[in-house]
Ligand code: F6P
């Protein structure tokens, strides 16, 4: 009997369970493959004994509605940059993908489906170069992966952010306040931009368009002068002023990323320093954007990605990542998908349309 391994890596994301269920149904029900999950990304298979879960009908029934991942996940222990502590307690990062590949072979898997963001897909690509029959499935609320028009999880994050934005408008209006709402997205402004358009924000600040504090302040003052005594701002966590830096804190030990967050407070400080007279309040949405049940669109996209991933396995089309392009589910080479990122184009139609609607980007 053939055996397939599924892994979910990086931050959790609404829709992960729907992908797992999609793979399971196609692989087990239709083709009779055994389906295993590695607990906490590929860390599970590297443990002694390996931490694996054999998926069954009861373990996967109805999970497409649930957020998170039944396989658990981690954004630590990336095999491409595996943290190893020396005797002095100094951490250095090493590529251990050859060891991961050897373990996958040892465990006798016929194929691997790796569900994750840019970091995970770079791991998929490296494992493919080590001869592992692997398929990638793109996930991230940030929507910053190349090779696909959209990742699952993004629409859910935008919906949650928009619902929150709508709630903040009522307070802005009632108190004549400047409300700043910070959303996730790392170096990409997709969540911020979509939320700003959906919610009707007056100002949207994204990493791709560094802002000028004075221009942001002018937009605020203009609006108050026109008698509209409140304003709503959406800012992406990775945004920064033209002459400034991103707002971050150090990641946990062994984590390859810094932790973004807090730019809403930084913007409030900058505005006050520039002479803003209005009352300002900041809301950092944080992980609620990744939580809870996926919206229907993400359930569908994630399910289709799962089904397509297993079809690629049956075709033997390894080294590819499933993708959504021009309203079709297709696939791209992992080597191409991991070359660069999908950022908001400052000259693209989305930004131009928002500007045409009167949204200021502070540029
Ligand atoms: O990549 C998804 C994401 O939610 C980013 O938007 C955010 O910066 C990061 O993960 C947060 O990571 P963590 O859950 O490790 O704090």
- Query: Taking the stated definitions as given, is residue 150 within 16 Å of the ligand (Cβ to nearest atom), surrounded by fewer than 22 Cβ atoms within 10 Å (Cβ to Cβ) and outside any helix (DSSP H, G or I)?
  - Reply: yes
- Task: Check off (1) within 16 Å of the ligand (Cβ to nearest atom); (2) surrounded by fewer than 16 Cβ atoms within 10 Å (Cβ to Cβ); (3) part of a loop (DSSP other than H, G, I, E, B) for residue 83 and give me the number that stays unchecked.
- Result: (3)
- Query: (1) assigned to a loop (DSSP other than H, G, I, E, B); (2) touching a helix residue (DSSP H, G or I) at 6+ places or on another chain (Cβ under 9 Å); (3) within 16 Å of the ligand (Cβ to nearest atom): which one isn't true of residue 251, the others all being true?
  - Reply: (2)
- Query: Taking the condition within 16 Å of the ligand (Cβ to nearest atom), farther than 28 Å from residue 63 by Cβ and surrounded by fewer than 16 Cβ atoms within 10 Å (Cβ to Cβ), does residue 258 pass?
  - Reply: yes
- Test for residue 117: is it over 17 Å from residue 330 (Cα atoms), in contact (Cβ under 8 Å) with a residue 60 or more places away in the chain and within 16 Å of the ligand (Cβ to nearest atom): yes
- Could you check, for segment 287-295, whether at least one of its residues is within 30 Å of residue 224 (Cβ to Cβ), at pLDDT 95 or above and more than 16 Å from the ligand (Cβ to nearest atom)? no
- Scanning segment 192-237 for residues that are within 16 Å of the ligand (Cβ to nearest atom) and in a strand (DSSP E or B), which turns out surrounded by the most Cβ atoms within 10 Å (Cβ to Cβ)? 234
- Residue check: is residue 161 assigned to a helix (DSSP H, G or I), more than 16 Å from the ligand (Cβ to nearest atom) and surrounded by 19 or more Cβ atoms within 10 Å (Cβ to Cβ)? no
- Failed condition for residue 292, given (1) farther than 30 Å from residue 219 by Cβ; (2) in a helix (DSSP H, G or I): (2)
- When only residues in segment 10-66 that are within 16 Å of the ligand (Cβ to nearest atom) and more than 13 Å from residue 113 (Cβ to Cβ) count, which is surrounded by the fewest Cβ atoms within 10 Å (Cβ to Cβ)? 40
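The values are calculated or read from the model by the stated rules, or taken from the named source; none is laboratory data. It should be emphasised that the depicted structure is a prediction, and the values quoted were computed from it without experimental measurement. Glycine also receives a Cβ, built like all others from the backbone with ideal geometry; neighbour counts cover every protein chain displayed.
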